[in-house]
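Here the structure is laid out as structure tokens; the discussion comes afterwards.
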Amino acid sequence: MSGQSVTAEGHTNTTKAGRNQRILVIDDNQAIHADFRKILCPDETSVADLQTAEVALFGQAFAPKQPARFEVDSASQGNEGLALVEKAVKNGRPYSLAFVDVRMPPGWDGIETTARLWQVDPDLQVVICTAYSDYSWDELTTKIGSSDRLVILKKPFDHVEALQLAHALTEKWQLLQESKRKLDDLEKLVAEKTGALKGANALLEKEVAEHKQAATALKESALLLDLASDAIFVRDFDDQRIHFWNKGAERLYGWTGIEAKEGAIAQALLGDELANKSAQDSVLEKGEWNGEMRRINKSGERITVNSRWTLLRDADGNPASILTIDTDITEKKKLETQFLRTQRLEAIGTLATGMAHDLNNILAPILIATEMLRWPLPRKDFEETVNRIENSTKRGAEIIKQVLTFGRGVSGERVPLQLGPLLEEMVAMTRETFPKNIEIRVNAADGLWPIRGDRTQIQQVLLNLCVNARDAAGERGLLFIDAANVMLDAQSVTRTPGLKPGAHVLLRVIDNGSGIPAEILDRIFDPFFTTKPHGKGTGLGLSTVMGIVKSHGGLVGVTSEVGKGTAFKIFLPASPEARTADGCAEVHIPRPEVDGAGRTILMVDDEAEILLANQAILERYQYSVLTAADGEEALNTFRQKQHCVKAIITDMVMPRLDGLGLIKAVRSIAPSMPIIASSGLGRNMGRSDRSAELESLGVAKFLMKPYTADMLVAALQEILKGTQKQIAVSA
């Protein structure tokens with residue numbers, strides 16, 4: 001019977017799925033083995049007989065219960081049982097319970113057998129079966145140790161008791177294995193978490209150490225940055241909050257680091273919104289930006305800086321902040337402006353002869369026509385003579401306007417510009433002022449991309465090149481100007497160092513003059529170098545061109561051949577998507593149909609002819625006109641007649657009290673009085689701040705002299721209508 005395995009169905013090696021029902025019986029008495037098989041592995045006939053007896057006794061059968069499916073192996077001696085346990089453990093099918101007899105001569109007794117079994121399988125549940133009091137419980141625990149896997153069963157034992165022990169102890173073994181598995185899983189999880197925590201802790205310690213090092217390095221860097229003369233600061237990419245503000249920034253802008261971080265400088269740093277947005281887009285696309293910026297310091301003064309931006313990203317690669325380094329170039333720009341003004345005056349001086357010739361040609365028909373108006377002319381001839389005077393006057397006014405626009409030389413903001421209108425203006429001025437033996441041609445491509453630049457400086461580049469071409473021209477000179485869009489790729493810019501890939505506008509100024517010798521071609525952009533005779537030039541024209549173009553991020557190139565001519569090429573970075581304010585159509589002013597209704601207008605001008613002419617025009621339209629020859633006279637008249645004066649038209653340049661002083665005095669008396677300002681020097685009157693000052697004083701309109709009667713009456717009608725609307729609204 002040794003080593004035999006039997007199940008409840010009489011088959012061998014079968015256990016209930018998911019549970020260990022394997023039991024080992026070790027006893028030298030074969031009858032005991034038979035008893036255990038009957039208890040643990042009842043056959044189906046016995047179960048059926050029991051159900052029949054239930055029907056006989058109780059009248060009905062209870063629902064049959066599925067009998068326990070134990071798998072029982074038998075061994076007669078302890079060493080046989082040990083061999084079966086070793087085999088079962090090796091095969092991965094251990095026993096959950098062993099019934100072991102105490103006395104099994106001639107081999108090991110049950111106590112030694114149990115101890116050996118536990119050496120192989122410590123989880124094995126053991127029931128010691130004995131008919132005698134061989135050992136007390138204390139003796140048992142002394143020999144094999146205190147264990148919760150040991151139960152003593154006295155022979156003879158009750159079948160139900162043995163069956164209950166089998167159920168209970170196999171279930172206990174099962175629970176022990178599940179708890180061990182869960183404990184193993186828990187230990188693994190704890191080990192994993194502990195490992196992760198150790199790794200995180202090590203990483204944290206490393207990061208803390210690195211942070212301390214970085215903080216130390218940052219403090220050292222901050223100390224070094226504070227020694228820099230430039231303004232250096234770091235601001236948030238989204239909300240523009242200041243994170244770092246060095247001493248150089250405090251000196252340049254006036255705000256302390258605390259004030260800067262509290263948001264006191266947000267608007268000052270924005271400057272021109274259009275320029276700021278363009279720079280922001282560029283730094284986002286390329287990671288950096290470099291250019292000029294207009295700023296406002298704490299005292300309200302405007303300063304110009306050369307600003308370098310670098311984009312800083314966070315750990316995820318998203319834009320986080322912008323490092324800005326600003327260098328104050330305000331004084332440099334003032335000197336540059338003075339230098340450019342000198343250059344403009346020199347350029348205008350070279351045009352003086354041509355201007356005098358054209359103005360004389362304009363004045364000649366006017367003088368002749370005025371003589372003819374004294375004759376008794378037919379209606380048709382009279383109208384033609386008046387038209388001739390009007391057209392000549394407009395032509396002369398346009399020449400003066402062009403010269404004033406260029407001669408004022410006020411450097412403005414870098415804004416999107418259309419080169420087409422600038423070329424048209426330059427060609428118009430050169431045709432009016434250059435000798436007639438020079439043929440001027442222009443070819444500006446349709447849809448030229450805007451550039452970002454200073455209008456006055458670009459005008460000066462064109463004029464300097466055109467003047468050089470004029471001076472080089474022969475008896476029948478040709479000056480050709482053209483402009484076209486070009487897209488430069490990475491390969492093409494390698495052949496033209498100094499340019500960057502992208503959209504550009506190419507300007508060319510070509511002449512058929514004497515040309516430049518090859519041996520001096522490389523020197524023509526040097527300051528004070530000139531090939532012109534003494535007294536004919538300073539040698540600063542082309543160096544000025546080079547400086548302006550470079551400041552715009554462009555490039556100047558030149559080719560020349562002696563006796564055939566010279567060609568200048570200028571590449572200027574373009575902004576195809578930018579919008580410009582250029583190219584607006586001229587507004588036509590219709591002849592006004594108004595009735596002044598006797599409203600009183602105060603007309604102020606130190607030119608008597610202008611006063612008389614304007615008075616006659618306004619009285620023709622039923623206005624009542626008061627006149628004054630200067631600001632003081634006008635102010636006295638206004639104080640006496642302010643109750644009836646409805647508007648003031650004043651010249652800006654007058655003796656004693658000028659137009660600006662008069663306007664300020666009138667505003668202190670009548671803040672809402674409609675005023676029209678006028679000047680032959682333009683709205684700025686030679687100064688960049690005058691236009692803004694007029695706006696701040698509420699000057700509604702400005703008339704550039706000379707103006708027509710229609711323009712005068714239309715402007716007056718417009719401001720008086722505005723006054724009526726304000727009265728209606730307030731009412």
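Only the coordinates and a few stated rules stand behind these numbers; no lab work does. Bear in mind the structure is a predicted one, so any value in this text is a computation, not a measurement. Cβ sites come from the backbone with ideal geometry, for glycine too, and all protein chains shown count toward neighbours.
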Lys, Arg +1 and Asp, Glu -1 on Cβ, resulting dipole of segment 600-730 about Cα centre, debye, nearest 20 = 500
Quick one: grab Rg to one decimal and Dmax as a whole number for segment 142-269, Cα atoms only, in Å.
-> 36.3, 108
In nm, to one decimal, how far is the modelled label at L284 from the one at A320, with both set 7 Å along Cα→Cβ?
-> 1.9
Among 625-632, 555-562, 493-500, how do they line up from the highest to the lowest mean number of other beta-carbon atoms within 10 Å?
-> 625-632, 555-562, 493-500
Work out how far the C-alpha atoms of segment 600-730 reach from end to end along every principal axis, then list the three figures in whole Å, largest first.
-> 38, 31, 28
Could you line up H211, H552 from fewest to most neighbouring Cβ atoms inside 10 Å?
-> H211, H552
Given a Förster distance of 30 Å, the FRET efficiency implied by the Cβ-Cβ spacing of R302 and T393, rounded to the nearest 0.05, works out to 0.15
Rounded to whole angstrom, the alpha-carbon centroid of segment 546-562 lies from that of segment 111-171 at a distance of 108
How do 435-445, 568-578 rank on mean C-beta neighbours within 10 Å, highest first?
-> 568-578, 435-445
Relative contact order of segment 80-129, defined on C-alpha pairs under 8 angstrom at six or more residues apart (%) | 44
What is the Cα convex hull volume of segment 228-328 when expressed per residue in Å³?
-> 90
Shape descriptor, segment 135-195: equivalent ellipsoid semi-axes (Cα gyration tensor, sqrt 5λ, whole Å, largest first) stand at 35, 18, 4
